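Just so it is clear, none of the values below were taken in a lab; they were calculated from the coordinates. On a predicted model such as this, the values are computed, not experimentally measured, just so you know. Please note: Cβ atoms are built from the backbone with ideal geometry, for glycine as well, and neighbour counts cover all protein chains shown.
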Amino acid sequence: MDIKSYKYGETGLNRFFGPLEAKIMDYLWDAGELSIKQVQERLDREKALSFNTVMTVMNRLVDKGILRKRAEGRLSLFRPVQTREEFIGEQSRKLTRNLLDEFGGVVITHMIDALDHADQKLLAQLEDKIQKLKKDSP
């Protein structure tokens, strides 16, 4: 699934979604599957929103390929197409590839500079990957 924009000034899911979409996704990732009414009730704890507003946003998330909708009698149930981890993994992979395609070595230099703050396990994974790439290259 393609997210059309990435918002650098935001944090968490708000980088990929609008604030209401992000809250809805959080609820669905936590619950697995919910109806519009169930999502609306959760949202109402923070701010009252109409059923139609929640329904519109959830149906747009279906149209974007982020949620899956199924009917159970007259009730529509929604669930995420991917887990939170799968979604973040896919989006970060796409963002990284796009940055590398567009800016190349500059991006790698900045990523290396950012490693000053990386934990040792991540550094070990990176070292293993580099060694594998070196071994597999002609």
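So for M111, M1, fewest C-beta neighbours within 10 Å to most, what's the order? Mind showing how you got there, number by number?
Details: M111 14, M1 11.
Arranged by neighbour count, lowest to highest, M111, M1 become M1, M111.
For segment 64-138, the Cα-based Rg and Dmax, in that order, read 19.0, 60 Å.
Annotation: peptides 29-38, 91-100, ranked by per-residue average of other Cβ atoms within 10 Å with the highest first, follow the order 29-38, 91-100.
List the residue ranges in the chain for DSSP H helices whose C-alpha atoms run 30 angstrom or more along the long axis and whose Kyte-Doolittle average is 1.6 or above.
Details: long enough: none.
Length and hydropathy pass: none found.
Working ranking of peptides 74-87, 40-53 by packing, defined as the average number of other Cβ atoms within 10 Å per residue, highest first, is 74-87, 40-53. Divide the volume of the convex hull around the Cα atoms of segment 1-128 by the residue count and you get 143 Å³ per residue. The order of Y8, Y27, going from fewest to most other C-beta atoms within 10 Å of their C-beta, is Y8, Y27.
Straight Cα distances below 22 angstrom link K37 to the lysines K23, K47, K64, K69, with same-chain residues fewer than 8 positions distant left out. The alpha carbons of segment 12-80 give a radius of gyration and a Dmax of 11.1, 36 Å, in that order.
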